[in-house]
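Structure first, then comments.
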Amino acid sequence: MKWPDINEEKESCIHVQRMETKKFEKLLDGSWSKEKPVIIERTKSYAGNRNVYLTATARKILNQVKTHNIENLEYIFLNHGERLTARCLNTILRGRCMNAGILEKGMHKIRKMYISTLIDNENININFIREQVGHTDERTTYGNYCFNCKSAILTAQAMEKALTYTV
């Protein structure tokens, strides 16, 4: 993600328009090089190019990050002025979870939780969610990213309430 992607098209959003992928090169001996992360100026699909809503808290945190990134104002996530790879960000994220004493989660698990939380909110339409996460079909959203975010206790309470007959 780059700084110009924020508020580029819509206020309070970040424009997702590129992705990191792995590049391999065939070596002279016929073997392949180690994977090299590279940025390409497109997303996996047409639907992947999207504007994702940033909460007020997210915007505040990004503003704090920007004040510390004085050495490079192109990419948002840096280490010593160099762009952090997705793999590195995932490792950092997992470490921060561990330091906070919470269940360790990577970016994909957080994406699933984000989508499931939006689905659980009755005030947010599935088509809006689908657009936010870059899916062309809501079946992908429901089939691969919808799971129960509630604890076992909260789920049991909700089941009891839903299935208890009241006169």
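If only one of ASN148, ASN99, ASN90, ASN127 is within 25 Å of VAL16 (Cα to Cα) and surrounded by fewer than 15 Cβ atoms within 10 Å (Cβ to Cβ), which one is it? Exactly one of ASN148, ASN99, ASN90, ASN127 is within 25 Å of VAL16 (Cα to Cα) and surrounded by fewer than 15 Cβ atoms within 10 Å (Cβ to Cβ), namely ASN127. Just to be sure before I move on: is GLU160 open to solvent by 50 Å² or more (accessible area, probe 1.4 Å), of a type in the set (Asp, Glu) and free of Cβ contacts under 8 Å to residues at least 24 places away in the same chain in the structure I sent? So GLU160 fits the description; yes.
Each row is one residue, and each column tells you yes or no for (1) over 23 Å from ASP5 (Cα atoms); (2) outside any loop (DSSP other than H, G, I, E, B); (3) among the polar types (S, T, N, Q).
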{"position": "GLU104", "(1), (2), (3)": "yes, no, no"}
{"position": "GLU122", "(1), (2), (3)": "yes, no, no"}
{"position": "PHE128", "(1), (2), (3)": "no, yes, no"}
{"position": "GLY143", "(1), (2), (3)": "yes, yes, no"}
{"position": "GLU160", "(1), (2), (3)": "yes, yes, no"}
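If I ask for residues that are in contact (Cβ under 8 Å) with a residue 60 or more places away in the chain, open to solvent by less than 100 Å² (accessible area, probe 1.4 Å) and not acidic (Asp, Glu), which ones from region 20-46 would you list? Outline the logic, then answer.
The initial filter retains those residues of region 20-46 that are in contact (Cβ under 8 Å) with a residue 60 or more places away in the chain, namely 20, 43-46.
Add one more test, that the residue is open to solvent by less than 100 Å² (accessible area, probe 1.4 Å), and what stays is 20, 43, 45.
Selection gives THR43, SER45.
Summed over region 50-76, the residues that are open to solvent by 80 Å² or more (accessible area, probe 1.4 Å) and under 16 Å from the mean Cα position of the chain (by Cα) give a count of 3. Looking across region 94-126, not a single residue is aromatic (Phe, Trp, Tyr) and on the phi > 0 side of the Ramachandran plot.
Could you check region 4-41 and list, in sequence order, the residues that are in contact with a Leu (Cβ under 7 Å, 6 or more places away or on another chain), at pLDDT 90 or above and under 24 Å from ASN90 (Cβ atoms)? Break it down stepwise before answering.
Filtering region 4-41 down to residues in contact with a Leu (Cβ under 7 Å, 6 or more places away or on another chain) leaves 6, 12-14, 33.
Subsequent filtering for residues that are at pLDDT 90 or above retains 6, 12-14.
Passing the criteria: ILE6, CYS13, ILE14.
A Cβ distance below 8 Å, combined with a sequence gap of six or more or placement on separate chains, defines the contacts here; from region 97-123, residues that are more than 18 Å from VAL133 (Cα to Cα) reach residues that are loosely packed, with under 10 Cβ neighbours inside 10 Å and among the aliphatic types (A, V, I, L, M) in the pairs CYS97/LEU103.
The values are calculated or read from the model by the stated rules, or taken from the named source; none is laboratory data. Quick caveat, the model's predicted, so the values are computed rather than measured. All Cβ positions, glycine included, derive from the backbone under ideal geometry; neighbour counts span all protein chains shown. Ligands, DNA and RNA are stripped out before the accessible areas are found, and what is left, the full protein with its side chains, is counted by its heavy atoms. Shrake-Rupley method; radii C 1.70, N 1.55, O 1.52, S 1.80 Å.
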